[in-house]
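Enquirer: Take this structure, written in structure tokens, and hold onto it; I'll ask about it next.
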Amino acid sequence: MSTIVPGGVRAISAETRMETGTTWKCSVCGYISHGPEPPAECPQCAGTSREFIPFSEKVRMRYDHEPFDVLLINGSNHRANNTGYMADLVEEVLKEKGVSYRRYNISEYAINHCWCCYSMRDAACTYPCRDQLDDMPAFHEMVIAAKAVIVASPVNWNNMSARLKDFLDRLNCIQNRYPLKKPGLTEGKVIGITVSGHEDGATKTAMEIFLYFQQMGYILAPFGISYRNHGAQFNTITDAEFFRTDPLVVSKTKGMANNVVELMRLGAEEKLKGKLAPVCE
């Protein structure tokens, strides 16, 4: 069995280690390690032991259709580093407010590049997505089911991670219902965004993420973007301690999550249904 411990890391019991063998996979780069414990540092990508998960045969994810309120996406390549800590803070708020939610660290899931079917002909980009070969169809269903989405993102070279962009690109099949004159499935839902970075680019990253959801009819919560940078003058090895001890990281991230919940509880999605003019591309 396994449990979630502070920091969002899954603690694996001795029984589970025996059941899964002694094979570990780095969720960042896919490196495979053998032994009773994962290595302290991945020899291939330098990720910490927190990035390793027990290796098992991949089974495509399915959505069980149980209702929930908030979909929390950790879009970092490092599931348990600084962005993961911000996602932990969001979770604390959701638990305190009694909000049902599901959290996913997308580095642990298979998300293919968008096939760009739209570039062949408009109607080729459809929902359900034509690519049913990975985990994204389950995420599509959960995006539609949830009342709000909160995205946590790192800053990778002044923008979001490539994995997160693939995730957002794959939402095009939902957004494309509007140009095809089909009923929308997401207008009036709420979006909140939190960004962690070593140096510049947090605001740009947040706005790039928001534009995807704006095109799907989402409402940005008041004060719905939070971010915190450490600074280029510091070695990145010091970032983790900074993010976990800086009070602004806590207040900003938790404040954003609170605002998402409060707007969601006003029921804008139901109140706006059928009343919005979809202005999107």
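Enquirer: Got at least one residue in region 104-118 being touching a residue at least 24 places away in the same chain (Cβ under 8 Å), outside any loop (DSSP other than H, G, I, E, B) and of a type in the set (V, I, T)?
Expert: The answer is yes, given that some residue of region 104-118 is touching a residue at least 24 places away in the same chain (Cβ under 8 Å), outside any loop (DSSP other than H, G, I, E, B) and of a type in the set (V, I, T).
Enquirer: Just a yes or no: is a residue in region 245-255 among the hydrophobic types (A, V, I, L, M, F, W, C), modelled with pLDDT of 95 or more and touching a helix residue (DSSP H, G or I) at 6+ places or on another chain (Cβ under 7 Å)?
Expert: yes
Enquirer: Still on this structure, I have one more. If a residue must be open to solvent by 40 Å² or more (accessible area, probe 1.4 Å) and either closer than 30 Å to E187 by Cβ or without any contact (Cβ under 8 Å) to a residue 24 or more places away in the chain (or both), how many such residues does region 210-230 contain?
Expert: Adding up the residues that qualify gives 10.
Here's the yes/no breakdown for (1) in contact with a strand residue (DSSP E or B) (Cβ under 8 Å, 6 or more places away or on another chain); (2) open to solvent by less than 60 Å² (accessible area, probe 1.4 Å); (3) modelled with pLDDT under 90:
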site	(1), (2), (3)
G7	no, yes, yes
I12	yes, yes, yes
T16	yes, yes, yes
G35	yes, yes, no
P38	yes, yes, no
C45	yes, yes, no
M61	no, yes, no
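Enquirer: Hey, Q233 hits all of (1) assigned to a loop (DSSP other than H, G, I, E, B); (2) buried (at least 20 other Cβ atoms within 10 Å of the Cβ) but one; which does it fall short on?
Expert: Against the list (1) assigned to a loop (DSSP other than H, G, I, E, B); (2) buried (at least 20 other Cβ atoms within 10 Å of the Cβ), Q233 comes up short only on (2).
Enquirer: Let me ask you something else. Looking only at region 65-80, decide whether some residue is assigned to a helix (DSSP H, G or I) and within 22 Å of H230 (Cα to Cα).
Expert: No - not one qualifying residue is present in region 65-80.
Enquirer: Next up: Somewhere in region 63-80, is a residue in contact (Cβ under 8 Å) with a residue 12 or more places away in the chain and closer than 18 Å to C173 by Cα?
Expert: yes
Enquirer: Restricting attention to region 86-101, and to residues there that are part of a loop (DSSP other than H, G, I, E, B) and out of contact with any strand residue (DSSP E or B) (no Cβ under 9 Å at 6 or more places or on another chain), which single residue is surrounded by the fewest Cβ atoms within 10 Å (Cβ to Cβ)?
Expert: Filtering region 86-101 for residues that are part of a loop (DSSP other than H, G, I, E, B) and out of contact with any strand residue (DSSP E or B) (no Cβ under 9 Å at 6 or more places or on another chain), the one surrounded by the fewest Cβ atoms within 10 Å (Cβ to Cβ) comes out as G98.
Enquirer: Could you please find all residues in region 258-281 being part of a loop (DSSP other than H, G, I, E, B) and under 30 Å from E91 (Cα atoms)?
Expert: R265, L266, G267, K273
Enquirer: Also, quick follow-up: Would you please name the residue that is most open to solvent (accessible area, probe 1.4 Å), looking only at residues in region 48-59 that are in a loop (DSSP other than H, G, I, E, B) and touching a residue at least 12 places away in the same chain (Cβ under 8 Å)?
Expert: My answer is K58.
Enquirer: List every residue pair whose Cβ atoms sit under 7 Å apart, with the two residues 6 or more apart in sequence or on different chains, where the first one lies in region 240-253 and is more than 16 Å from I150 (Cβ to Cβ) and the second, anywhere, is aromatic (F, W, Y).
Expert: F243/Y85; R244/Y85
Enquirer: Yes or no: C45 under 30 Å from G184 (Cβ atoms), of a type outside the set (F, W, Y) and in a loop (DSSP other than H, G, I, E, B)?
Expert: No, not satisfied.
The values are calculated or read from the model by the stated rules, or taken from the named source; none is laboratory data. Remember, it's a predicted structure, so these values are computed and weren't measured experimentally. Cβ sites come from the backbone with ideal geometry, for glycine too, and all protein chains shown count toward neighbours. When the accessible area is computed, the model is the full protein with side chains, heavy atoms only, and any ligands, DNA or RNA have been set aside. Shrake-Rupley method; radii C 1.70, N 1.55, O 1.52, S 1.80 Å.
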